Each structure stands twice: as structure tokens, then as C-alpha cells.
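Worksheet: the structure to be examined is printed underneath.
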Amino acid sequence: MSATAPAAASGERDELADSLAELFTNVSLMVRGELQGTNSQLSLLEKMNRRVAEEYNNYGDVASGLRVFVEQLNEKNQSFGEYVSQIDAIDQQVTEFEAVVSMLDKHVSLLEKKVKSAYNIAPTQ
């Protein structure tokens, strides 16, 4: 029985060593799989960050173009300001001219009535 005991202990040790080796292999595969998954996620995140960076660069280009466009519009608006003030002045002159014409029309009408009454002409209306 003593000859079989060392052999049985040796068999148990080999079985234990095999089980431990299999355990370490499986743990190693599991850790490798986790690391590969994490690596894939990081790679995807890096690609997404690059794409977002490109989009922000494009937004910067658009914003820069819009800034130039707004500056051009402001310049045009300022140049139109001079014309607007000239139009306002002309409008004021036309209003005053219309008042003078209306007053002259009333005066001519009054003179016409006086001339007609002086020559006894029947009024036309």
C-alpha cells in the first residue's frame, strides 16, 4: 500500500497541476478577451473623437465664412445709411413742396373765383 500511496499522491499532484494550469490558461484567455474588448472600445472611441474633431473643424470653417458674410452685410448696411438719410431729406422736401402746391392751388382757386365774379362768369363745378 505504501508504493501505491506515492503514486496516488503523484497522480493527484499531476491532476492538481493540470487543473491549475487549465485554470491559469482560462483566466489568461478571459483577461486577454477583456483587454481585446477594451482595446476595441478605445479604438472605436478614438475614431469617434477624430470624426467629431473633423466636424468641429468644419463648423469653424462655416463660422468663419459667416463672420465674413456678416461683416460684408454690415459694410453694405452702413453705406445704405447715407442713402437712407438722403431719401428722408428728399421725402421731407416733397412733403413741404406738396404743402406749398396745395396752398398755391387754394390761392389759384380763390383768384379764379374772384376773376369769374368780376367778369360775371358762372362757376364751373
Condition check for residue 119: free of Cβ contacts under 8 Å to residues at least 40 places away in the same chain and either exposed (fewer than 10 other Cβ atoms within 10 Å of the Cβ) or in contact with a strand residue (DSSP E or B) (Cβ under 8 Å, 6 or more places away or on another chain) (or both): yes
Residue set 76, 106; condition of a type in the set (Lys, Arg) and at pLDDT 90 or above; output residue 106
What are the residue pairs meeting all of these: first residue in the stretch 18-36, first residue part of a helix (DSSP H, G or I), second residue surrounded by 10 or more Cβ atoms within 10 Å (Cβ to Cβ), Cβ atoms under 6 Å, and 6 or more apart or on different chains? none
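Right, residue 83: exposed (fewer than 10 other Cβ atoms within 10 Å of the Cβ), among the hydroxyl-bearing types (Ser, Thr, Tyr) and either assigned to a helix (DSSP H, G or I) or in contact (Cβ under 8 Å) with a residue 40 or more places away in the chain (or both) or not?
yes
So, residue 60, is that one modelled with pLDDT of 90 or more and either of a type in the set (S, T, N, Q) or surrounded by 10 or more Cβ atoms within 10 Å (Cβ to Cβ) (or both) or not?
Details: modelled with pLDDT of 90 or more: no; either of a type in the set (S, T, N, Q) or surrounded by 10 or more Cβ atoms within 10 Å (Cβ to Cβ) (or both): yes.
Considered against the rule, which asks whether it is modelled with pLDDT of 90 or more and either of a type in the set (S, T, N, Q) or surrounded by 10 or more Cβ atoms within 10 Å (Cβ to Cβ) (or both), residue 60 comes out as no.
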Tally the residues that are open to solvent by 90 Å² or more (accessible area, probe 1.4 Å) and not basic (Lys, Arg), restricting the search to the stretch 100-109. 4
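The values are calculated or read from the model by the stated rules, or taken from the named source; none is laboratory data. Note that the structure is predicted; figures quoted are calculated from it, not measured. Using ideal geometry, Cβ is built from the backbone for each residue, glycine included, and neighbour counts are taken over all protein chains shown. SASA here: full protein model, heavy atoms, side chains in, ligands and nucleic acids out. Shrake-Rupley method; radii C 1.70, N 1.55, O 1.52, S 1.80 Å.
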